[in-house]
Amino acid sequence: MKTLIFATNNDHKVAEIKSVLNNRFNLLSLKDAGINIDIPEPYPTLEENAREKARVINRLTDEDCFSEDTGLEVTSLNGEPGVKSARYSGENRSFENNIDKLLLNLGHQKNREAQFRTVICLIRKGKEKLFEGVCKGTIIAERKGNAGFGYDPVFVPEGAEKTFAEMPLNEKNLFSHRKKAMEKLITFLLSEEAD
Ligand code: IMP
């Protein structure tokens, strides 16, 4: 079975991606691969940050690997927090503080349209390839649910009547940006395997 390193320290993301992979590939998180670094995300786009994370791990391990960068893009906030989603609330950043800042900035705004966008960067046999997944939805005014992570308690995906945080993982995956990007990656890898 093909082994791939997933360049992340986020256990929630590892669990989500493992459930999508469904044992079709052997996934190693950074922890599994014995790598203990915090990879910086210094760039102004998801694409550049995803590339940087994959490049750092590829240089360290010389193994095929992939990374992902995700942002919550809110229409009435001109696409913010976007690439800054993880550090939206600044120095005292936390999932809780990030949501507080988002709700404060949205205030009573009528347009609460938003989307999660994931960009995956694969480095395979030294070549880079990007895959994108988008999930459109709405930001609600108060948190609902305890599952998931990040902005999940205030995000209701299009076609659902509850937040990501009210869904078990298999239900989140029916809508998820990360799952959509991952499916494109898997299709590519399976076609490459067949070559
Ligand atoms: P990054 O890709 O680790 O930089 O993620 C950026 C931030 O976006 C995370 O810290 C979370 O706050 C948020 N985020 C990413 N993916 C999700 C998701 O699936 N649900 C909710 N929040 C997410």
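The values are calculated or read from the model by the stated rules, or taken from the named source; none is laboratory data. Everything numeric here is computed off the predicted structure, so don't read it as measured data. Glycine also receives a Cβ, built like all others from the backbone with ideal geometry; neighbour counts cover every protein chain displayed. In case anyone asks, the SASA skips ligands and DNA or RNA and just uses the protein heavy atoms, side chains included. Shrake-Rupley method; radii C 1.70, N 1.55, O 1.52, S 1.80 Å.
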- Query: Considering only residues of region 160-174 that are open to solvent by less than 40 Å² (accessible area, probe 1.4 Å) and within 12 Å of the ligand (Cβ to nearest atom), which is farthest from L46 (Cα to Cα)?
  - Reply: M167
- Task: Select from region 145-159 the residues that are more than 18 Å from H12 (Cα to Cα) and either in contact (Cβ under 8 Å) with a residue 40 or more places away in the chain or surrounded by 15 or more Cβ atoms within 10 Å (Cβ to Cβ) (or both) and write down the one among them that is farthest from the ligand (Cβ to nearest atom).
- Result: V156
- Within region 44-71, which residues are charged (D, E, K, R) and either free of Cβ contacts under 8 Å to residues at least 24 places away in the same chain or away from the ligand (no atom under 11 Å from the Cβ) (or both)? E47, E48, R51, E52, R55, R59, D62, E63, D64
- Task: Give region 20-43 a look and list any residue that's surrounded by fewer than 17 Cβ atoms within 10 Å (Cβ to Cβ) and either within 13 Å of the ligand (Cβ to nearest atom) or within 21 Å of F164 (Cα to Cα) (or both), or say none.
- Result: N22, D38, P40, P42, Y43
- Message: Six or more apart or on different chains, Cβ atoms under 7 Å: show the pairs whose first residue is in region 163-181 and aliphatic (A, V, I, L, M) and whose second is surrounded by fewer than 20 Cβ atoms within 10 Å (Cβ to Cβ) and not in a helix (DSSP H, G or I).
- Response: A165/K144; A165/G145; A165/N146; A165/A147; M167/A147; A181/E132
- Task: Identify all residues within region 175-195 that are open to solvent by 60 Å² or more (accessible area, probe 1.4 Å) and within 25 Å of G145 (Cα to Cα); write none if there are none.
- Result: K180
- Item | Filter pass, F116 being within 22 Å of T3 (Cβ to Cβ), in contact (Cβ under 8 Å) with a residue 12 or more places away in the chain, buried (at least 16 other Cβ atoms within 10 Å of the Cβ) and not β-branched (V, I, T) | no
- Within region 1-117, which helices (runs of 4 or more DSSP H) (wholly inside it) include 2 or more residues that are modelled with pLDDT under 90 and touching a helix residue (DSSP H, G or I) at 6+ places or on another chain (Cβ under 7 Å)? 11-21
